[in-house]
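The values are calculated or read from the model by the stated rules, or taken from the named source; none is laboratory data. Everything quoted here is computed from the prediction, not taken from an experiment. Ideal geometry is used to build each Cβ from the backbone, glycine not excepted, and the neighbour counts take in all protein chains shown.
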Amino acid sequence: MTNEKNIRQSYEIAKERYASLGVDTEKAMAQLQQIALSLHCWQTDDVMGFENQAGALTGGIQVTGNYPGRARTIDEVRSDIIEATSLIPGKHRLSLHAIYGDFQGKVVDRDEIEPCHFQSWMEWAKEQGMKLDFNSTSFSHPKSGNLTLANPKDEIRNFWIEHTKRCRWISEEMGKFQEDPCIMNLWIHDGSKEVPASRLKYRQILERSLDEIFSVDYKNMKDCIEAKLFGIGLENYTVGSYDFYLGYGVKNQKIVTLDTGHFHLSESIADKISSLLLFTPEIMLHVSRPVRWDSDHVVILNDELLDLSRELVRSNALNRIHIGLDYFDATINRIGAYVIGVRATQKALLQALLEPSALLQEYEEKDLLFQRLALQEEAKSLPWNAVWDMFCLKNDVPVGESYMADIEKYEADVTSKRG
């Protein structure tokens, strides 16, 4: 265990160093304390859910690995979430997919789901001091195919329209129950392996489907629409592309979701933030890590995450930005993967909050560009890690790598016994 006295001594030195640059470390920690990340429940069970309908994961997404200990029941998912959050500083939200309903062993098709199927989740989350967010689920279903909301066949398309309408209804009831808006994300995998005869045709269908879905106004939920670059088996054409949803979001004032894995690897998601803030009401972020494609690797503290976090803080719009995690890895301990990614995201946000922005802006206003670049570089090696350790200490969670022992114990006592 890291010595508490050493943590406090290191923090005081860091506090003084940051103060010399006009940065208040106490204020930065207070700001980070207020950022509630939306944790993704599907890291615990490989996106299987509880529909009681056996089937493979489809929709152009894929979980790799088969590490022992996957959660198989609602109780096991909840247990894993409790364990993970005990190792993460701060209070956070939980994001559910529609397939995670408490169906009590019954087969409930997706156009039949109701708020009652998520009542136990609402009550459990309240007990845990968490708020819920929600997602419609268009994949891994006999009617998924290659097209859902953009399907020209009335029977298929109307099934998914009804499903998504019900997801908005469920989100509204969640928002009422928790007295805080439930953020509902709409993502579909619709696309084609080869270029279709008409790209426009399917986007026209999708637009009409969305118009019908959003025809009812709710007060206790917020709608997000998420684009995708491509899916496995659907490589050449994605109906709900970024251009499509950006246009629809601006036109209809919906929240556009930016998933960091849903763009070409050379694109900067950070660069999109300021533009979206000008033309859409809020932004939803799904933090993931693509490696050559949208592979949903465990989030780590890399340059892309740091760049994105700095842009969020520099835009002075954290009150208009929602941040969720979205990755799944079954090659390593799933709880470990969970905790690594969330803590990495918080570390990036903390570094952004500790940036000497006032001094950097002063240099820029005076056209002192050498000084601006020099300070940006020197800021990278400021003792932010001492502030992070203090933040963990204040939140009574393990400091540094000491959380590894907690996860190893949980594996020995719990997940290794799941068969």
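So here's what we get for this one:
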item: Residues of the stretch 307-338 satisfying the condition of being surrounded by fewer than 18 Cβ atoms within 10 Å (Cβ to Cβ) and of a type outside the set (Lys, Arg); result: Asp307, Ser315, Asn316, Ala317, Leu318, Asn319, Thr331, Ile332
item: Leading residue by the ranking (modelled with the lowest pLDDT) among those in the stretch 242-261 that are outside any helix (DSSP H, G or I) and over 14 Å from Cys224 (Cα atoms); result: Gly261
item: First in the stretch 1-29 and surrounded by 14 or more Cβ atoms within 10 Å (Cβ to Cβ), second anywhere and at pLDDT 95 or above and among the β-branched types (Val, Ile, Thr), Cβ under 6 Å, 6 or more apart; result: Thr2/Val399; Ala14/Val387; Lys15/Thr25; Tyr18/Thr25; Thr25/Val387
item: Pairs with Cβ under 8 Å, 6+ apart, first in the stretch 349-366 and part of a helix (DSSP H, G or I), second of a type in the set (Gly, Ala, Ser) and crowded, with 19+ Cβ neighbours inside 10 Å; result: Leu349/Ser309; Leu350/Ala28; Gln351/Ser309; Ala352/Ser309; Leu353/Ala28
item: Test: residue in the stretch 383-390 that is surrounded by 14 or more Cβ atoms within 10 Å (Cβ to Cβ), outside any helix (DSSP H, G or I) and at pLDDT 95 or above; result: yes
item: Counted residues, the stretch 294-333 - those being under 24 Å from Tyr410 (Cα atoms) and hydrophobic (A, V, I, L, M, F, W, C); result: 7
item: Options Ile300, Ile340; residue that is at pLDDT 95 or above, of a type in the set (A, V, I, L, M, F, W, C) and either within 24 Å of Leu229 (Cα to Cα) or in contact with a Cys (Cβ under 6 Å, 6 or more places away or on another chain) (or both); result: Ile300
item: Ser120 vs. criteria in a helix (DSSP H, G or I), touching an Asp or Glu at 6+ places or on another chain (Cβ under 9 Å), of a type in the set (Ser, Thr, Tyr) and in contact (Cβ under 8 Å) with a residue 12 or more places away in the chain; result: yes
item: Residues of the stretch 123-158 that turn out to be surrounded by fewer than 21 Cβ atoms within 10 Å (Cβ to Cβ), part of a loop (DSSP other than H, G, I, E, B) and among the basic types (Lys, Arg), as a count; result: 2
item: Check on Ser416, at pLDDT below 95 and small (Gly, Ala, Ser); result: yes
item: Check on Tyr202, free of Cβ contacts under 8 Å to residues at least 60 places away in the same chain, of a type in the set (Phe, Trp, Tyr), within 30 Å of Val291 (Cα to Cα) and in contact with a helix residue (DSSP H, G or I) (Cβ under 7 Å, 6 or more places away or on another chain); result: no
item: Test set (1) of a type in the set (A, V, I, L, M); (2) crowded, with 21+ Cβ neighbours inside 10 Å; (3) touching an Asp or Glu at 6+ places or on another chain (Cβ under 8 Å) - Ile161 fails condition number; result: (2)
item: Criterion violated by Val63 - all others in (1) over 19 Å from the mean Cα position of the chain (by Cα); (2) surrounded by fewer than 20 Cβ atoms within 10 Å (Cβ to Cβ); (3) more than 30 Å from Val387 (Cβ to Cβ) satisfied; result: (1)
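One line per residue, one yes/no per condition, for (1) farther than 18 Å from Leu149 by Cα; (2) surrounded by 22 or more Cβ atoms within 10 Å (Cβ to Cβ):
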residue: Ile188; (1), (2): no, yes
residue: Glu194; (1), (2): yes, no
residue: Lys201; (1), (2): no, no
residue: Ile205; (1), (2): no, no
residue: Val216; (1), (2): no, no
residue: Asp243; (1), (2): no, no
residue: Tyr248; (1), (2): no, no
residue: Asp259; (1), (2): yes, yes
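Each row is one residue, and each column tells you yes or no for (1) modelled with pLDDT of 95 or more; (2) out of contact with any Ser or Thr (no Cβ under 6 Å at 6 or more places or on another chain).
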{"residue": "Arg8", "(1), (2)": "yes, yes"}
{"residue": "Glu16", "(1), (2)": "yes, yes"}
{"residue": "Val23", "(1), (2)": "yes, yes"}
{"residue": "Asp46", "(1), (2)": "no, yes"}
{"residue": "Gln62", "(1), (2)": "no, yes"}
{"residue": "Ser79", "(1), (2)": "yes, yes"}
{"residue": "Lys91", "(1), (2)": "yes, yes"}
{"residue": "Ile99", "(1), (2)": "no, no"}
